[in-house]
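A.B. asks: Mind looking over this structure? Questions follow.
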Amino acid sequence: MSDSRPRPERSILIINPNTTVAMTDALRPLVDSLEYSTASTNFTYFTAPAGVPSINNELGAALSTGQCLPALKLQLQDHDAFLVCCYSQHPLVALLRAELANLNLDHKPVTGIFEASIAACLQSIDTQDKFGIVSTGSQWEAILGNAVAALLGPAQSSRYAGTETTGLNADELHSTPKREVDLRIKFATKALLEKGARAVCLGCAGMDRTVREACVEVLGEERGRRIKIVDGVVSGVAFLEGVLRAGL
């Protein structure tokens with residue numbers, strides 16, 4: 001008996017450019033929470049076949065690009081949109097766009113979770129309000145600061161409250177006692193609030209609950225709940241889904 005269910009009309013590839021399958025698996029509930037996975041949209045997941053288990057700096061991003069790009073080139077025809085899930089100005093975003101253009105497939109959108117989260121953040125707050133980023137290792141403070149300037153331009157720097165970090169790399173978040181991780185996330189969040197941030201971009205998945213708790217502790221229940229907390233994976237999927245539905 002044949003399957004009469006309609007086949008998905010579009011496919012979005014979710015790319016984890018590091019080799020840690022557990023990090024890929026952690027993306028699935030974030031994507032599923034949007035409930036876009038219907039008869040018309042299919043989500044496929046990619047984990048780097050080799051490279052680094054955690055991207056902790058620009059060198060790691062470059063190494064992961066070299067390992068991922070050859071495999072991803074073989075999948076460009078199979079998907080309609082691509083999301084690079086590393087919270088950085090990851091080279092894969094630009095390189096995938098270039099490869100698609102070479103194949104006359106530049107109508108297929110590509111974004112990274114960094115770019116998507118900044119765009120969503122700025123659209124969720126007033127034009128005079130600031131946003132900031134909570135991330136992992138302290139090296140990201142300068143790296144993400146430079147990435148924000150490259151994305152928005154120096155004239156927009158007044159909107160950026162900065163990046164505050166936990167001092168732990170992404171892989172260390174899973175091996176460090178939860179209480180210590182939560183304290184570090186809260187300390188970073190409170191530092192952003194002291195700088196006037198009214199929206200917080202999450203530089204690592206799974207921080208949202210602790211960031212919200214910190215906002216409430218500093219500002220009280222009502223004002224703390226009004227701080228926007230933006231997840232890059234959610235923002236990226238929502239953006240790509242919207243572009244595909246609109247046929248842009």
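A.B. asks: Specify whether the C-alpha gyration tensor of the stretch 41-119 places it in the rounded, prolate or oblate class, a ≥ b ≥ c being the square roots of the eigenvalues: rounded for a/c under 1.5, otherwise prolate if a/b is larger than b/c and oblate if not.
C.D. replies: In terms of gyration-tensor shape, prolate.
A.B. asks: I would also like to ask the following. For every other residue with a beta carbon closer than 14 angstrom to the beta carbon of A22, add +1 if it is Lys or Arg and -1 if Asp or Glu, then tell me the sum.
C.D. replies: -2
A.B. asks: Could you compute the net charge surrounding E241? Neighbours are other residues with a C-beta less than 15 Å from the C-beta of E241; K and R count +1, D and E count -1.
C.D. replies: -2
A.B. asks: A further question follows. For a test of the definition: using alpha carbon positions, the gyration tensor, and the 1.5 limit on a/c, classify the stretch 173-236 as rounded, prolate or oblate.
C.D. replies: Oblate is the answer for the stretch 173-236, as a/c is 1.5 or above yet b/c matches or exceeds a/b.
A.B. asks: Suppose every K and R has +1 on its Cβ and every D and E has -1 on its Cβ; what is the size of the dipole of the stretch 175-215 about the Cα centre, in Debye to the nearest 20?
C.D. replies: Dipole size: approximately 60 debye.
A.B. asks: While we're here: With the cut-off at 1.5 for a/c, could you classify the stretch 114-231 from its C-alpha gyration tensor as rounded, prolate or oblate?
C.D. replies: It is oblate, given that a/c is not under 1.5 and a/b is not larger than b/c.
A.B. asks: If the chain between N102 and V218 were fully stretched, how many nm would it gain, using 0.36 nm times the residue separation less the Cα-Cα distance?
C.D. replies: Computed gain between N102 and V218 is 36.7 nm.
A.B. asks: Work through the residues other than K190 whose Cβ is under 12 Å from its Cβ and net out their charges, Lys, Arg +1 and Asp, Glu -1.
C.D. replies: Spelling it out: positives minus negatives among the neighbours equals -1.
A.B. asks: Top mean-square fluctuation among T189, T166, T44, Gaussian network model of the chain, C-alpha springs under 10 Å?
C.D. replies: The residue with the greatest mean-square fluctuation here is T44.
A.B. asks: With springs only between Cα atoms under 10 Å, which of S158, S117, S54 fluctuates most in a Gaussian network model of the chain?
C.D. replies: Among S158, S117, S54, the largest mean-square fluctuation in the Gaussian network model of the chain belongs to S158.
A.B. asks: What percent does the relative contact order of the chain come to when contacts are Cα pairs within less than 8 Å and at least six residues apart?
C.D. replies: 20 percent
A.B. asks: What helices does the chain hold that run 18 Å or longer along their axis, going by alpha-carbon atoms, with a Kyte-Doolittle average of 1.0 or more, using DSSP H for the helix calls?
C.D. replies: In the chain, the long hydrophobic H runs are 232-246.
No lab work stands behind these numbers, since they all come straight from the coordinates. Just so you know, these numbers come straight off a predicted model, no measurement behind them. Please note: Cβ atoms are built from the backbone with ideal geometry, for glycine as well, and neighbour counts cover all protein chains shown.
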